[in-house]
Each structure stands twice: as C-alpha cells, then as structure tokens.
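Read through the structure below, which is laid out as structure tokens, and then see the notes.
The values are calculated or read from the model by the stated rules, or taken from the named source; none is laboratory data. Computed from a predicted structure; not experimentally measured. So basically every Cβ, Gly included, is an ideal-geometry build from the backbone, and we count neighbours across all protein chains shown.
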Amino acid sequence: MKTQYYTATSLDGFIATEDDSLEWLFPLGDVSDTGYPAFIGAVGALAMGAATYEWMLRHAVKVQEAAGAAWPYTQPTWVFSHRALPLVPGADIRLVQGDVRPVHAQMARAAAGRNVWIVGGGDLAGQFHDAGLLDEVILQVGSVTLGAGKPLFPRRVTSPPWTLVSVRQIGPGFAELHYRIPTSRAAHAA
C-alpha cells in the first residue's frame, strides 16, 4: 500500500485558479490518455479537502456526464472539512477534521492493501507529507501557466529532495512526473 498525491498542475505550480476553477485543465487532453485509469484501479481509499469536494458538488452535472454516476468513486472517501457539507446520496463519504494520522490509519484499513489517494488540495497533501505518510507524488504537468491560484504543494521541501522515478509525455499538453518521497514510510521500510 502506498499513499499517493496524484494531481494535475500548471507549469507555474497551481492546481486550480484563485476561485477554485479547473477549467484550464480540460482543453489539454483526455484523462483516459493519462496514467489515471491504471492509477485509480489500484486505489482503495481517497482523501480530499473541502474545496476539492465542493468543486465536485458544484460540477455534479459534468461529473455525472464523465463518470456515469453522481459520484465517480466506488472507494470510501474521507473529506477533511471544518464545516458540515452535503453528502452525495449512495456514496461512501466520511466527513472528518483534525490530524491526518488517525484518519490515515482508518483509510489504510479500508484500502485493504490497495493504495490511498490524496486527491487534493495541496495543503492536505502537505499535511500527509508533514506526518511522514506521503509515499509518492504523481503530477500531470499541463502546458499552461495560471499566474496565481491554489498552490500544488504549499510547503518548502528541499532536503532530502524527492526522487524522480519516471517522466512520460502525454499528448501535446502534458508531462507526467512520478516522484518517490524519500522521508516517507516506504523509505524507512527499505
């Protein structure tokens, strides 16, 4: 089991605009051309922040069209929020708050040997990193700049640097970068 932050980012390091829009992302390519289909097949549990979850709620029609269901995930999902949020009927969504460590333990049990996906945002991924629970970062780097917005990873990480595992071109608009986090549980087990 690995805990992975898999996301798309602009060249200048933003995962969404200042108003949480992802519209910049969609013209760049088809998700089925990326590593996403294989990635999601290995995921057993998900974590996301409130802004990511609320984006999905605001775009329920687009989600329904793309996924064929009101909620695109069959895996249990933990949503980190300091406020009550509406739940998607029929989806296994758990609202939580506070320290990521006890929630990660619940997620790992639910994942039953499969991977845990930190969907976003960047600060939530940073909290898992700070707790030593983030094993990998997989980035779909889009060929656009946003100038401002929600940062990919609002942390300074300089030592030790992440280990680049692979680089892959995806169509004309994306580069996929796969990093291993050397200070994670995986590095301690090796």
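Values for this structure:
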quantity: Any chance Thr17 is surrounded by 12 or more Cβ atoms within 10 Å (Cβ to Cβ) and within 14 Å of the chain's Cα centre (by Cα); calculated: no
quantity: Selection within region 159-185 - closer than 19 Å to Asp135 by Cβ and exposed (fewer than 12 other Cβ atoms within 10 Å of the Cβ); calculated: Ser159, Pro160, Pro161, Leu164, Ser166, Val167
quantity: So Ala50, is it loosely packed, with under 13 Cβ neighbours inside 10 Å, among the hydrophobic types (A, V, I, L, M, F, W, C) and touching a Phe, Trp or Tyr at 6+ places or on another chain (Cβ under 9 Å); calculated: no
quantity: Failed item, numbered, when Arg185 is tested on (1) of a type in the set (Lys, Arg); (2) under 21 Å from Ile15 (Cα atoms); (3) at pLDDT below 95; calculated: (2)
quantity: Hits in region 63-81 (condition: within 19 Å of the chain's Cα centre (by Cα) and loosely packed, with under 13 Cβ neighbours inside 10 Å); calculated: Ala66, Ala67, Thr74
quantity: Helices (runs of 4 or more DSSP H) wholly inside region 1-113 that include at least 1 residues being of a type in the set (A, V, I, L, M, F, W, C), free of Cβ contacts under 8 Å to residues at least 40 places away in the same chain and over 24 Å from Ala175 (Cβ atoms); calculated: 50-58, 60-67, 100-111
